[in-house]
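Data block below; observations after.
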Amino acid sequence: MQNKLRDYISPNAMPQIIKLLEHDHLVVKIKNERKTRHGDYMRLPNGKHQITINSNLNEYRFLITLIHEIAHFEAYRTYGRFIKPHGIEWKKTFQHLMLPFLNPDIFPNYLLPMLAKHFKNPKASSDSDAVLALALKQFDEPNNKTFIFEVPLGHTFKIYNGKVFKKGEKRTKRFECLEIKTGKLYLFNPNAEVEIIT
């Protein structure tokens with residue numbers, strides 16, 4: 001597994017990652033892109049623990065996602081199975097595990113202040129941090145996708161499953177969008193990636 005991870009992670013981060021993954025009961029799998037998540041953690045019925053990470057993530061998002069999922073495993077081991085998935089125990093664990101990686105040998109200098117701010121109170125997804133998500137997107141492979149917050153008001157866009165929506169006003173944190181086919185209203189995260197139609 002270590003050799004496979006080397007394809008996705010900076011060589012400067014690998015020694016620390018190897019230490020974090022030195023558990024007999026922890027398995028990491030790299031998956032094809034899933035639209036709804038970057039990675040996940042689960043305790044398997046056989047008592048082992050599994051982390052999956054999407055293969056299409058750039059090296060910085062891959063590393064953040066891997067540490068995010070390792071934090072679930074470590075929080076489970078330390079605090080037990082009755083904690084909230086992204087509660088205080090997980091946040092503290094994630095902050096502690098991420099700290100050694102927040103240096104210019106691993107992340108570009110200009111990302112470090114955004115990461116430091118994000119990790120004061122890490123969210124369930126780095127995508128919910130608009131500034132950080134936009135900064136990390138610059139390292140993605142070029143594609144024809146746009147963030148919802150960049151779509152002009154009243155324009156139409158489609159999502160990964162082909163459904164078409166018209167962008168409406170922002171409600172507190174999310175954008176209200178009308179599905180063209182059904183007339184139903186949906187709330188979209190500002191950092192959801194979509195394809196503009198008009």
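For the stretch 178-198, the candidate set comprises residues that are surrounded by 13 or more Cβ atoms within 10 Å (Cβ to Cβ) and assigned to a loop (DSSP other than H, G, I, E, B); within that set, the residue that is modelled with the highest pLDDT is ILE180. Between ASN32, ASN46, the distinction of being among the polar types (S, T, N, Q) and over 22 Å from SER126 (Cα atoms) belongs to ASN46 only. At least 2 residues being aromatic (Phe, Trp, Tyr) and touching a residue at least 24 places away in the same chain (Cβ under 8 Å) is the threshold, and among the helices (runs of 4 or more DSSP H) wholly inside the stretch 1-99 those reaching it are 59-79. Restricting the first member to the stretch 177-198 and to residues that are not assigned by TED's automatic domain parsing to the domain that holds SER128, and the second to residues that are among the small types (Gly, Ala, Ser) and in a loop (DSSP other than H, G, I, E, B), the beta-carbon pairs closer than 9 Å and six or more apart or on different chains are ASN189/SER125; ASN191/SER125. Summed over the stretch 133-157, residues that are part of a loop (DSSP other than H, G, I, E, B) and either surrounded by fewer than 17 Cβ atoms within 10 Å (Cβ to Cβ) or without any contact (Cβ under 8 Å) to a residue 40 or more places away in the chain (or both) total 12. Using the structure shown, decide if TYR160 is in a loop (DSSP other than H, G, I, E, B) and of a type in the set (Phe, Trp, Tyr). Yes, satisfied.
When restricted to residues that are in contact (Cβ under 8 Å) with a residue 60 or more places away in the chain and within 19 Å of the chain's Cα centre (by Cα), the stretch 101-113 contains 2. Look at (1) of a type outside the set (Lys, Arg); (2) farther than 20 Å from ASP129 by Cβ; (3) crowded, with 19+ Cβ neighbours inside 10 Å and you find that MET98 fails only one, number (2). Scanning the stretch 160-177 for residues that are under 13 Å from PRO190 (Cα atoms) and either in contact with a strand residue (DSSP E or B) (Cβ under 7 Å, 6 or more places away or on another chain) or modelled with pLDDT of 90 or more (or both) yields LYS167, GLY168, GLU169, LYS170, ARG171, ARG174, PHE175, GLU176, CYS177. Checking PHE82, PHE62 one by one, the residue that is of a type in the set (A, V, I, L, M, F, W, C) and loosely packed, with under 13 Cβ neighbours inside 10 Å is PHE82 and no other. Here the stretch 163-177 is the region considered, the condition is being part of a loop (DSSP other than H, G, I, E, B) and either of a type in the set (D, E, K, R) or at negative phi (or both), and the residue that is surrounded by the fewest Cβ atoms within 10 Å (Cβ to Cβ) is LYS173. If you check LEU115 against the conditions, is it out of contact with any strand residue (DSSP E or B) (no Cβ under 9 Å at 6 or more places or on another chain), crowded, with 19+ Cβ neighbours inside 10 Å and either outside the structural domain of PRO11 (by TED's automatic domain parsing) or of a type outside the set (Lys, Arg) (or both)? Criteria met by LEU115.
The values are calculated or read from the model by the stated rules, or taken from the named source; none is laboratory data. Predicted, not measured: the structure shown is a model, and the values here were computed from it. Please note: Cβ atoms are built from the backbone with ideal geometry, for glycine as well, and neighbour counts cover all protein chains shown.
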